[in-house]
Structure formats: C-alpha cells, structure tokens
Amino acid sequence: MIIGCPLHNPNGKPYIVAVICVPNGEYTFYLKQHLHEREDVYCDTGHESGLINVNGTRIALAV
C-alpha cells in the first residue's frame, strides 16, 4: 500500500511523501523530488531516488 501525506522536516519546510507499507509491517518513505511552482513555496524537495524492490523487480516511484 502506498499513501501520500506531508512529512515533518526538522530543517525547514515539510516534505511531500509517499509512505510505502508492506505486508510484514515494514515501511519506508519516498520524498518528492520535483516540486511544482506553488509546491516549492510550502514544501522542501527530497534528494534520493524512488527506487524500490518488489518481488525482485526494481520500480521507481513518482509523486
């Protein structure tokens, strides 16, 4: 399951994130990297790729 939400950033503006939840209870975050004009006023950009492994297949996330 993937859920979109804001995430607190202790260094400034919040991030726009995708929370990736897997059946075993683990989760990770993908922070949006390419913000639109109006988003960058209120949010900060992520800096890591959105690559995740799903059953041996690498996929990239985009928010």
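Values quoted throughout were computed directly from the atomic coordinates according to the rules given, and no laboratory measurement underlies them. None of these values were measured; they are calculated from a predicted model. Virtual Cβ from ideal backbone geometry, glycine too; neighbours counted across all protein chains shown.
So the values come out like this:
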read-out	value
Computed FRET value (nearest 0.05) for Val54 with Cys5, which takes r as the C-beta separation and R₀ as 22 Å	0.60
Relative contact order of the chain, defined on C-alpha pairs under 8 angstrom at six or more residues apart (%)	26 percent
Kirkwood Rh and Cα Rg combined as Rg over Rh, evaluated for the chain	1.00
The chain, helix-only ellipticity at 222 nm - DSSP H runs n ≥ 4, -39,500 (n - 2.57), divided by all residues, nearest 500	-1000 deg cm²/dmol
Label-point separation in nm, Thr28 to Val63, each point 7 Å along Cα→Cβ	1.5 nm
Karplus-derived 3J(HN,Hα), 6.51/-1.76/1.60, for each residue of the range 25-32, Hz, glycine and proline x	x, 6, 8, 8, 10, 10, 9, 4
